[in-house]
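Beneath this line is the structure, given in structure tokens, with notes to follow.
Every number in this text was worked out from the coordinates using simple rules, so none of it is lab data. Treat the numbers as computed from the prediction; the structure is a model and nothing was measured. Cβ atoms come from the backbone with ideal geometry, glycine included; neighbour counts cover every protein chain shown.
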Amino acid sequence: MTMRSIHPTEWIASPRALWAEHWLVLTAGDWAAGDYNAMTVSWGATGFLWEKPFAQVVVRPTRHTYGFMERYGSFTLCAFPERHREALALLGSRSGRDGDKINASGLTPEASSVVAAPRFGEAELVLECRKIYWQDMDPARFIDPSISGHYPLKDYHRIYYGEIAAVRAAQSGR
């Protein structure tokens, strides 16, 4: 697959297609140190804030990836062609605490171009992000009461914002 770089301020995507239809793999850690973990995510946002293009992800404190998000200053978001759906399901259903789920997925981690967190060779879209802000969800601020239904265990997400530092996309991709 031929990839091209896109300046982060010129990248355009459909939020519904990106998050709801294509799932993404969030990877945090350090490629060079061999210390990283990945998980499938389907909730998040992209946009422009504080004069920066950003990606926002949410991670529950119970997830193994949470520790990597806390320890490291960057993360990547990768979207994949439909043929990798089974690998993404595996990354979303197993914990890295219990074994090498990345290897089991068959996906190929590799060095990113500008951040320490790795990307995946099979991805058709890669967002490389530097963390710039985080905040814990406060259920007292849920205006829509239906949101509480997503948290029967009261394990509210931590919200992370990352400045999009680099974008790589397949020539015919998003």
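Values as computed for the structure displayed
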read-out	value
Cβ pairs under 7 Å, 6+ apart, first in the range 107-125 and part of a loop (DSSP other than H, G, I, E, B), second surrounded by fewer than 21 Cβ atoms within 10 Å (Cβ to Cβ) and of a type in the set (S, T, N, Q)	121/108; 122/108
Only one of 55, 17, 38 that is within 16 Å of residue 102 (Cβ to Cβ) and in contact (Cβ under 8 Å) with a residue 60 or more places away in the chain	38
Qualifying position, being free of Cβ contacts under 8 Å to residues at least 60 places away in the same chain, in contact with a strand residue (DSSP E or B) (Cβ under 9 Å, 6 or more places away or on another chain) and surrounded by fewer than 17 Cβ atoms within 10 Å (Cβ to Cβ), among 65, 9, 2	9
Any hit, the range 87-106, residues being more than 14 Å from the chain's Cα centre (by Cα), on the phi < 0 side of the Ramachandran plot, charged (D, E, K, R) and surrounded by 20 or more Cβ atoms within 10 Å (Cβ to Cβ)	yes
Options 166, 140; residue that is surrounded by fewer than 18 Cβ atoms within 10 Å (Cβ to Cβ) and among the hydrophobic types (A, V, I, L, M, F, W, C)	140
Qualifying residue in the range 34-45 (condition: more than 17 Å from residue 131 (Cα to Cα), in a helix (DSSP H, G or I) and of a type outside the set (Lys, Arg))	no
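Per-residue answers, yes or no, for (1) farther than 23 Å from residue 155 by Cα; (2) part of a strand (DSSP E or B); (3) of a type in the set (Phe, Trp, Tyr):
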residue: 58; (1), (2), (3): no, yes, no
residue: 68; (1), (2), (3): no, no, yes
residue: 75; (1), (2), (3): no, yes, yes
residue: 78; (1), (2), (3): yes, yes, no
